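Structure, as structure tokens:
All of the numbers you see were taken from the coordinates with simple rules; none came from a lab. What you are looking at is a predicted structure, and each value in this text was computed from that prediction instead of being measured. Neighbour counts run over all protein chains shown; Cβ positions are idealised from the backbone, glycine included.
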Number of protein chains: 2
Amino acid sequence: MRLRLRNIFLVYFVVSLVGLFCALRELGEDPFHPPDLFKAPPIPPMPPPDPFHPLYSPPDSFHPPRPPPDPFQPPQPHFSPPRPVQKAELVRLSQTLLHVPALHWVVVEDAAAPSALVGGVLAASGVSFTHLSAETPPDLRGRPGDPSWLFPRGAEQRNRALRWLRDTRGRDEPGVVYFADDDNTYSLRLFEEMRSTRGVSVWPVGLVGGLRLERPLVSQGRVVGFHTGWRPERPFPLDMAGFAVGLRLLLAHPRARFDPRAERGFLESSFLGGLVTPAQLEPRADNCTQVLVWHTRTEKPKLRQEEQLQRQGRGSDPNIEV
Amino acid sequence: MRLRLRNIFLVYFVVSLVGLFCALRELGEDPFHPPDLFKAPPIPPMPPPDPFHPLYSPPDSFHPPRPPPDPFQPPQPHFSPPRPVQKAELVRLSQTLLHVPALHWVVVEDAAAPSALVGGVLAASGVSFTHLSAETPPDLRGRPGDPSWLFPRGAEQRNRALRWLRDTRGRDEPGVVYFADDDNTYSLRLFEEMRSTRGVSVWPVGLVGGLRLERPLVSQGRVVGFHTGWRPERPFPLDMAGFAVGLRLLLAHPRARFDPRAERGFLESSFLGGLVTPAQLEPRADNCTQVLVWHTRTEKPKLRQEEQLQRQGRGSDPNIEV
């Protein structure tokens with residue numbers, strides 16, 4: 001019983017992160033405050049992509065066409081057992097993003113190809129979007145029985161989004177990049193706060209790391225430390241939801257990426273360390289005294305009755321998408 | 001250890017339902033389809049409220065003024081240990097409701113008085129709202145150690161909202177009443193579907209009752225049964241999220257209310273049984289074949305690091321609202 005429960009939790013953690021990315025394209029940047037790129041070094045030419053690299057995935061178009069369904073195959077049930085809340089979470093997040101002006105949503109699924117379910121939600125959402133996929137390689141997934149934190153989650157997917165930005169955005173294009181998770185809660189004010197990001201902007205995150213809130217500590221407009229409950233010696237003890245990056249800074253550092261083998265809690269540092277120093281962080285949200293994003297998590301629903309009814313041939317209609 | 005864990009879960013269940021009510025006031029009802037009130041009996045005069053009744057709470061104004069803070073009292077920390085996700089959930093739900101035209105949100109807290117935290121979220125939301133409170137009486141709360149389902153949750157709060165509707169709405173006013181929970185996920189299409197409700201309209205609910213979905217079964221435009229995993233003999237085997245009521249029907253039945261002593265799973269039936277018969281239900285969402293609402297639940301966050309830091313005097317700043 002104990003072992004079974006642990007396995008169920010593991011399956012949940014491994015599949016719970018779709019890897020959602022939100023490239024906020026700021027159209028009306030203030031001409032009186034041009035982006036300060038921290039005297040970024042001259043941009044080296046991009047190496048050609050290596051198709052044998054574990055992170056390589058072939059380039060795809062803005063809205064990749066889906067192959068027509070095979071008429072000789074029975075219709076695929078829309079039931080995706082390991083992640084039944086996926087559609088609900090995307091619907092809810094899309095309603096938040098639909099309020100935000102000049103936003104482009106880059107959604108990267110942890111899958112071999114973009115799914116019809118996610119594609120349908122995005123198409124119906126009214127939000128401008130790009131739908132990609134990047135599958136976590138088996139050697140970075142952890143084996144059954146491994147602790148869920150052995151490998152960071154969402155690294156491949158975020159790197160895929162970074163590659164999309166580098167492939168499609170012009171070097172001088174204004175914009176702000178934020179890495180959003182599908183079950184966090186975002187105040188609409190957060191998006192206004194991050195709009196003025198030049199390098200890397202930061203703010204508090206609620207209900208994260210076992211704390212009521214984590215936050216950068218600010219003195220005289222500068223980040224001078226961090227309130228965190230865990231390994232404060234990390235270079236950037238920040239949650240993924242607690243920072244945004246100026247697009248020009250990102251494009252000026254073509255090698256900055258998330259390390260899929262980063263130690264627990266060091267995924268954010270592996271990326272930010274290639275862009276700025278902690279002293280260069282730009283505090284937002286009233287000098288980091290306002291919580292505008294919450295690290296909420298959606299419970300995995302228990303579907304015991306469904307399994308019972310399915311054994312009796314009376315399960316919920318598999319043709320109805322949930 | 002076992003006992004402690006069980007107590008923590010009990011506290012969570014008891015306080016997790018704020019009781020949120022959403023009175024959808026449809027302003028542009030179709031004049032060619034006047035509400036069909038199922039030949040409702042003539043409306044008996046309302047008995048005067050009984051202040052000794054356990055459900056009685058004194059009438060309050062639309063936006064009750066709050067007393068000024070006592071300057072001799074230290075500032076109250078905004079930390080509400082049993083329900084840390086309350087603000088996040090309200091913020092997220094308010095973003096959904098903000099998309100819905102002609103909606104009025106009636107929020108009823110399970111508390112002696114409306115709280116400043118909830119009032120602040122509502123005032124900042126941009127949604128038209130009324131903020132009320134109704135405390136669950138101690139004898140209907142269950143004692144520590146009682147199972148969480150011994151008494152239905154949210155009955156007092158929904159009844160308070162019904163009383164508000166009866167106190168403030170004119171008998172012929174058009175409108176649709178929907179009982180929303182703060183952690184469910186609502187498609188925007190759901191609100192369009194319920195807008196044409198005359199008596200009681202119904203639709204599927206996803207991820208509820210241990211099933212992928214529960215739904216009314218429809219034949220030739222009529223509800224002829226229910227797909228449910230539990231006690232299908234209930235008069236209305238429907239979740240609270242699966243129906244809406246026409247305001248005129250509600251006002252024509254001044255005694256219809258939720259029974260706070262209803263048996264487990266019978267709370268919806270205790271209310272709907274006073275309004276319609278199952279055969280009168282009006283199917284929506286493409287004859288109940290579309291899932292437009294999901295019974296999602298937000299995990300209770302673990303705040304172990306917070307407790308550790310607080311013991312060392314280094315807890316998160318209590319003046320920052322989360």
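Ordered by the number of other Cβ atoms lying within 10 Å of each residue's own Cβ, fewest first, A:146, A:172 fall into the sequence A:172, A:146.
Over segment B:154-277, the Kirkwood radius and the radius of gyration, each from Cα atoms, give a ratio Rg/Rh of 0.94. Distance between the pseudo-spin-label points of residue B:259 and residue B:112 (7 Å out from Cα toward the beta carbon): 3.2 nm.
Each 10 Å bin, from zero up to the one with the longest distance, holds this percent of the alpha carbon pairs of segment A:85-167: 16, 41, 32, 10, 0.
Projecting the Cα atoms of B:292, B:308, B:276 onto the charge dipole of segment B:276-322, computed from C-beta unit charges around the Cα centre, puts B:308 farthest toward the positive end. Of the residues B:194, A:240, the one with the fewest other Cβ atoms within 10 Å heads the list, and the complete ranking is A:240, B:194. Here r is the Cβ-Cβ distance between residue B:312 and residue A:167 and R0 is 51 Å; the resulting FRET efficiency, rounded to 0.05, is 0.60. Within the shell of other residues whose beta carbon sits under 11 angstrom from the beta carbon of residue A:135, the net charge comes to -1, with Lys and Arg scored +1 and Asp and Glu -1. Dipole check for segment B:216-257: with +1 at the C-beta of Lys and Arg, -1 at the C-beta of Asp and Glu, and the Cα centre as origin, the magnitude is about 200 Debye. Over all other residues within a Cβ to Cβ distance under 12 Å of residue A:307, the charged ones net out to +4, with Lys and Arg as +1 and Asp and Glu as -1. By the count of neighbouring beta-carbon atoms within 10 Å, fewest first, B:300, A:302, A:87 end up ordered A:302, B:300, A:87. Return the whole-Å distance between the Cα centroid of segment B:180-201 and the Cα centroid of segment A:92-171. If we compute the Cα centre of each part, the gap is 29 Å. Here segment A:107-164 is assigned +1 on the Cβ of each Lys and Arg and -1 on the Cβ of each Asp and Glu. Its dipole about the Cα centre then comes out at about 120 debye.
Taking the label point 7 Å along Cα→Cβ, residue B:261 and its counterparts in the other copies are spaced 6.7 nm apart, in ascending order.
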